[in-house]
1. Treat region 14-151 as a sphere of radius equal to its Kirkwood radius over Cα pairs and apply Stokes-Einstein at 37 °C in a medium of 0.692 mPa s; give the translational diffusion coefficient in µm²/s, rounded to a whole number.
2. Got a sec? Charge dipole of region 14-151, +1 on Cβ for Lys and Arg, -1 for Asp and Glu; which of Ile134, Ile72, Asn45 is way out at the positive end?
3. What FRET efficiency comes out for the pair Arg140/Arg49, r = Cβ-Cβ distance, R0 = 35 Å, nearest 0.05?
4. Highest mean first, how do 117-126, 34-43 rank when packing is the count of other Cβ atoms within 10 Å averaged over residues?
5. Enumerate the amide H contacts of Phe31 below 5 Å, restricted to partners 5 or more residues apart or on another chain; note that Pro and chain-start residues carry no placed amide H.
6. Is any residue of region 145-181 close enough, with backbone N under 18 Å, to a label point placed 7 angstrom from the Cα of Val191 along the Cα-Cβ axis, and if so, which?
7. To the nearest Å, what is the center-to-center distance of region 4-48 and region 148-175, using C-alpha atoms only?
8. Taking the Cα centre of region 14-151 as the origin, how large is its charge dipole in debye, to the nearest 20, when only Lys and Arg (+1) and Asp and Glu (-1) carry charge on their Cβ atoms?
Amino acid sequence: MGKRKRLDYRKVVKNKKLPILTLDSRWHEIFPDDKKTAKIKELENKVNRLLKTQGKIVNDIKDMKKLKRSLISDIVVNMDIKNDITGKAKEKKLDQSKRFINELNEKIDNASERLSELPYKIREANEELLSESIKYCYDRIHDNQEELKNISEWIQKTRMELKEKILVKHDLESSNNLMYTYLHDILGSDVIDIIDDSNPIKE
């Protein structure tokens, strides 16, 4: 086998269209828990953490937008303010709702900004995980190739030994048959039976 060059796998996979490895059943087939190195486990956790964060932010934004719609609808319903005690209470509630909406707008903007950065972070972490996975796979493939070579050599050697043993077996059987037939012919079956009884021949 030729000398192996160490590539920077991160450069090779950078910006390629890739599946998220931790969501790919074939990746899990190659990397069951007992096969994962500490580095692969660490990178897998990183990808999963980022995906979880992304899912949480998406849900948070949905909830905040729902709450904002509810507050806006509340404002619209209570816009008709009269100059009495009820009117003042309504006005206070409207001010409070407007303040909440402003706070929500700020929170939605911040969450959206964080959300917009996450696909890049996920892609980077996924590329890092793939890079480590490639390294592991190629190391395993080379180790397996070495073992396959040894097994093939053993099979070849055993095959030759087997051929030799078959020839020896054939020679021994022929020799036994020749001797037994000769003795049988000159002594006859009655004498051979007596000898066979005292010298049983094992098959």
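1. For these conditions, the coefficient is 171 µm²/s.
2. Ile72
3. Values: r = 27 Å, r/R0 = 0.76.
E between Arg140 and Arg49, to the nearest 0.05, is 0.85.
4. Packing proxy ranking, top to bottom: 117-126, 34-43.
5. none
6. 178-181
7. 45 Å
8. 640 debye
Readers should treat all values here as calculations from the given coordinates under stated rules, not as data from a laboratory. Note that the coordinates shown come from a computational prediction; the quantities given were computed from them, not determined experimentally. Cβ atoms come from the backbone with ideal geometry, glycine included; neighbour counts cover every protein chain shown.
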